[in-house]
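Peer 1: My questions will all concern the structure given below.
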Amino acid sequence: MAIYIGLGANLDSPLGPPLTTLESALERFPAHGLHVVCRSRWYRSAAYPDPSDPPFVNGVVEIETDLDPAQLLEVLHRIEADFGRRRRRQWEPRPIDLDLLAYGDLRLEASDGGPQVPHPRLAERAFVLLPLRELAPDWHHPESGASIAALIAALPPAAVAEPLPAA
């Protein structure tokens, strides 16, 4: 079963700039029972909803884990906190953001702080869909059944994410 995690950051963390933070977070995944199967390139996208905020660095990884979705979300939030994330308001600039995008074909409604799976805004985000396509070009949205190609084609022209140059 393919489990996809979205990673993003647009502020420095105690470890350094966004790219350094995200790479460091990935290095900590195995200690939490998260084993990276494959990963996308890193992308840059404008901050939302305020494009004057620093731009984001984003990517997607496929993982394997024995954790259920609620346990996985708890671990992702713990890793975020370890890297300085404080949740104050929606869509604020942040040193790290780890999102549970999809957990196989599972569909869950958010309740009692548990995860909503698939992520409710996954289909609206170029910075998620473009890196996800690198990992799973034949992926289909578990709710709508739409292919990743169709989801990307339906993005508004302003939804842009550009791959970062290789290091």
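Peer 1: Among the numbered conditions (1) crowded, with 18+ Cβ neighbours inside 10 Å; (2) touching a His at 6+ places or on another chain (Cβ under 9 Å), tell me where Pro131 comes up short.
Peer 2: (2)
Peer 1: May I pose another question? Out of the residues in region 42-81 that are part of a loop (DSSP other than H, G, I, E, B) and touching a Gly at 6+ places or on another chain (Cβ under 7 Å), which is farthest from Val117 (Cα to Cα)?
Peer 2: Taking region 42-81 and keeping what is part of a loop (DSSP other than H, G, I, E, B), we get 42, 46-55, 65-68.
From what's left, touching a Gly at 6+ places or on another chain (Cβ under 7 Å): 42, 65-67.
Working: Trp42: 23, Thr65: 16, Asp66: 17, Leu67: 14 Å.
Residue satisfying both the conditions and the ranking: Trp42.
Peer 1: Quickly run through region 104-123 and pick out the residues that are surrounded by fewer than 16 Cβ atoms within 10 Å (Cβ to Cβ) and either within 13 Å of the chain's Cα centre (by Cα) or of a type in the set (Gly, Ala, Ser) (or both).
Peer 2: Correct list: Gly104, Ala110, Ser111, Gly113, Gly114, Pro120, Arg121.
Peer 1: A further question follows. Residues of region 1-41 being assigned to a loop (DSSP other than H, G, I, E, B) and in contact with a Lys or Arg (Cβ under 8 Å, 6 or more places away or on another chain), which ones? It would help to see each step written out before you state the result.
Peer 2: Filtering region 1-41 for residues assigned to a loop (DSSP other than H, G, I, E, B) gives 1-2, 10-12, 14-15, 17, 33-34, 40-41.
Across region 1-41, the qualifying residues are Asn10, Leu11.
Peer 1: Of the numbered conditions (1) surrounded by 13 or more Cβ atoms within 10 Å (Cβ to Cβ); (2) assigned to a loop (DSSP other than H, G, I, E, B); (3) modelled with pLDDT of 95 or more, Ile152 fails exactly one; give the number of that condition.
Peer 2: Here Ile152 meets the rest and fails (2).
Peer 1: Checking Arg86 against (1) touching a residue at least 12 places away in the same chain (Cβ under 8 Å); (2) out of contact with any Gly (no Cβ under 6 Å at 6 or more places or on another chain), only one condition comes out false. Which one?
Peer 2: It fails just one condition, (1).
Peer 1: Please state which one of Leu15, Leu101 is surrounded by 13 or more Cβ atoms within 10 Å (Cβ to Cβ) and modelled with pLDDT under 95. Reasoning before the result, please.
Peer 2: Working: Leu101 fails: modelled with pLDDT under 95.
That would be Leu15, the only listed residue that is surrounded by 13 or more Cβ atoms within 10 Å (Cβ to Cβ) and modelled with pLDDT under 95.
Peer 1: On to the next question. Suppose we keep only residues that are in contact (Cβ under 8 Å) with a residue 60 or more places away in the chain and surrounded by 18 or more Cβ atoms within 10 Å (Cβ to Cβ) within region 18-38. Which one would you say is farthest from Glu64 (Cα to Cα)?
Peer 2: In the first step, residues of region 18-38 are kept if they are in contact (Cβ under 8 Å) with a residue 60 or more places away in the chain; the result is 18-19, 21-22, 25, 38.
Adding the requirement that they be surrounded by 18 or more Cβ atoms within 10 Å (Cβ to Cβ) leaves 18, 21-22, 25.
On the way: Pro18: 24, Thr21: 21, Leu22: 18, Ala25: 16 Å.
Only one residue tops the list, namely Pro18.
Peer 1: Is it the case that His77 is closer than 26 Å to Pro17 by Cβ, free of Cβ contacts under 8 Å to residues at least 40 places away in the same chain and not charged (D, E, K, R)? Steps first, answer last, please.
Peer 2: Details: closer than 26 Å to Pro17 by Cβ: yes; free of Cβ contacts under 8 Å to residues at least 40 places away in the same chain: yes; not charged (D, E, K, R): yes.
When the stated conditions are applied, His77 passes them.
Peer 1: Moving on. Do you know which residues across region 62-103 are within 14 Å of the chain's Cα centre (by Cα) and of a type in the set (D, E, K, R)?
Peer 2: If the condition is that a residue be within 14 Å of the chain's Cα centre (by Cα) and of a type in the set (D, E, K, R), then Glu62, Glu80, Arg94, Asp97, Asp99 are the ones that fit.
The values are calculated or read from the model by the stated rules, or taken from the named source; none is laboratory data. What you see is a predicted model; the values in this text were computed from it and never measured. No Cβ is skipped: glycine too gets one built from the backbone with ideal geometry, and neighbour counts run over all protein chains shown.
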